[in-house]
């Protein structure tokens with residue numbers, strides 16, 4: 001099958017939006033944990049003094065870490081969203097095909113990209129639809145390596 005790149009970053013906004021939110025939440029928790037650990041370390045190991053003074057010192061020391069991690073965070077989130085397309089896209093197409101089958105209509109074969117997850121589920125769905133006579137066959141012009149333009153078989 002020829003490789004077709006996805007054009008969309010978010011295929012399933014609910015799933016992938018939840019993933020992005022979790023990543024940002026984990027980043028925030030990690031940064032706060034580092035801040036707390038550095039503050040406690042400074043309180044225990046540093047010279048005696050006001051806790052507010054130690055907190056300000058730790059905050060000033062961690063500004064470069066905050067800036068660096070903030071610069072990396074968008075790249076990490078975008079990379080995770082692109083990677084999640086390998087399961088979110090196929091899950092969306094399989095879910096759409098299942099809804100179509102449940103309404104009694106025919107579906108076109110669900111064709112996934114080479115590196116996508118859920119290929120076994122798509123194959124099982126295609127086999128089930130074919131057994132029940134609900135699988136619309138491909139046009140003779142399309143070879144097995146081409147993806148049809150139908151929304152259930154398109155590259156999401």
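The values are calculated or read from the model by the stated rules, or taken from the named source; none is laboratory data. Treat the numbers as computed from the prediction; the structure is a model and nothing was measured. Methodologically, a virtual Cβ is constructed for each residue, glycine included, from the backbone with ideal geometry; neighbour enumeration extends over all protein chains shown.
For the reader, a short list of remarks on this structure follows.
- Flag if residue 94 is touching a helix residue (DSSP H, G or I) at 6+ places or on another chain (Cβ under 8 Å), surrounded by 15 or more Cβ atoms within 10 Å (Cβ to Cβ), over 30 Å from residue 35 (Cβ atoms) and in contact (Cβ under 8 Å) with a residue 40 or more places away in the chain: no
- Test: residue in the range 63-70 that is more than 18 Å from residue 7 (Cα to Cα), in contact (Cβ under 8 Å) with a residue 40 or more places away in the chain and not in a loop (DSSP other than H, G, I, E, B): yes
- Set 55, 32, 28, 44: member being assigned to a helix (DSSP H, G or I), more than 19 Å from residue 78 (Cα to Cα), at pLDDT 90 or above and out of contact with any strand residue (DSSP E or B) (no Cβ under 9 Å at 6 or more places or on another chain): 32
- Considering residues of the range 105-156 that are at pLDDT below 85, in contact with a helix residue (DSSP H, G or I) (Cβ under 6 Å, 6 or more places away or on another chain) and part of a loop (DSSP other than H, G, I, E, B) only, the residue farthest from residue 89 (Cα to Cα): 134
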